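One structure is given here, and the rest of the page talks about it.
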Amino acid sequence: MINYISKTTLDDGSDTLGALLQFSGIEHYFYGKRLHEYLHELKRRSLGDAFTVGETPGTGPEMNKLLTADEREELNTVFSFDHLENLGKHRFDDYRYNLNHLKKCFSLLEGDYADYAWPSIFLENHDNPRMVSKINPNEEYRDIIAKLLAVVLFTARGTVFLYQGQELGAVNVDFKDMSEIRDIESINKYSDLITAGKTPEQAWHTVLCGSRDHARTPMQWTNETYAGFSEHEPWIRVGDKDNCSVAQQLEEETSVLHAFQSLIRLRKDHSALVYGSFEPHEAAKDDVFCYYRDDGNERFYIEINLCERAIKQPATKGEMELVYSNYMAQGDGLQPYEASIYRVQK
């Protein structure tokens, strides 16, 4: 919450704004007038050459440029959360995340923004349910979507951050009732909903949609008792035992874990996928995310189907070599949630 450190006053905030945001006073410290002065001093007197990442909720791309551009000498990059929920939605809402929103946010981040400031690239953290479940809870597409998200991450200009379990395609936990919940925010949410007149069933459904505990269960190393995380019962139940352990996925050639490893190697071996220019494919419409990454030496083309239905493949020019796909075999057009990376022959 580094953008909150400059406070103009300790007076109470607006009652109206406080009711809307569910906490008050933010107008006095959200982006205080001495914020840049304080950050510059921190950089000069303490942080030095350390790589710094700021958590900056609500600041937006233009403010973030001022916080992270090299010549500003403040932060190296920041976490912006605009892409984690569809517009008008909150994580406690029961809805399916539309990947076209991710496309819009990343297109802005990778284009004009990255020409001035260095982006942080992430899709999950300790405060949000699992992205795979938000997009489509259908088990049929679990691994496919997890690999699609990996393609987005590892072909993006910026520094990639992974959250534990993401590299296994972890999904939301099938908690049974409030007795299994440990997150204080979720506990308070349930109580507030009951006080507001919701039934226990309605309140529980809301909590289950957005609880932070979905991302806070122990890392599943094995399929043994307590997932190899501990020899004793941990503070919170282990996620459902399925194909989401490290040991099991290491044995499966087509696992999500192996996909992440392959894509990390690909990114490390080709600087165009890290530092290259980002060029959207002009023919790409809704439900398709297509773009080029080019550093002058190599050129890659990334092609992603953002929806559950098969769609027509956008027209491209030139010869291309397929270097990664989240499908075992290519078909006519793009299969549901298909994501592929091609090397363009120059």
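The values are calculated or read from the model by the stated rules, or taken from the named source; none is laboratory data. Quick caveat, the model's predicted, so the values are computed rather than measured. For neighbour counting, all protein chains shown are included, and Cβ atoms are generated from backbone atoms with ideal geometry for every residue, glycine included.
Remarks
- Test: residue in segment 62-71 that is surrounded by 16 or more Cβ atoms within 10 Å (Cβ to Cβ) and within 19 Å of the chain's Cα centre (by Cα): yes
- Looking at segment 2-119, the helices (runs of 4 or more DSSP H) lying wholly inside it that each contain 2 or more residues that are farther than 26 Å from Val288 by Cα and in contact with a helix residue (DSSP H, G or I) (Cβ under 9 Å, 6 or more places away or on another chain) sit at 15-21, 35-42, 60-68.
- Qualifying position, being of a type in the set (A, V, I, L, M) and either in contact (Cβ under 8 Å) with a residue 40 or more places away in the chain or surrounded by 15 or more Cβ atoms within 10 Å (Cβ to Cβ) (or both), among Ile181, Ile194: Ile181
- The set of residues from segment 158-212 being within 19 Å of the chain's Cα centre (by Cα), β-branched (Val, Ile, Thr) and farther than 20 Å from Tyr95 by Cβ comprises Thr159, Val160.
- Cβ pairs under 7 Å, 6+ apart, first in segment 271-288 and in contact (Cβ under 8 Å) with a residue 60 or more places away in the chain, second surrounded by 15 or more Cβ atoms within 10 Å (Cβ to Cβ) and of a type in the set (Phe, Trp, Tyr): Leu273/Phe154; Leu273/Phe300; Phe278/Tyr291; Pro280/Tyr291
- Positions within segment 278-299 being at pLDDT below 95 and of a type in the set (Ser, Thr, Tyr), in sequence order: none
- Answer from Glu180, Glu201, Glu185, Glu224 - the residue that is at pLDDT below 95 and among the charged types (D, E, K, R): Glu224
- Residue in segment 150-163 that is in a loop (DSSP other than H, G, I, E, B), at pLDDT 95 or above and closer than 12 Å to Ala215 by Cα present: yes
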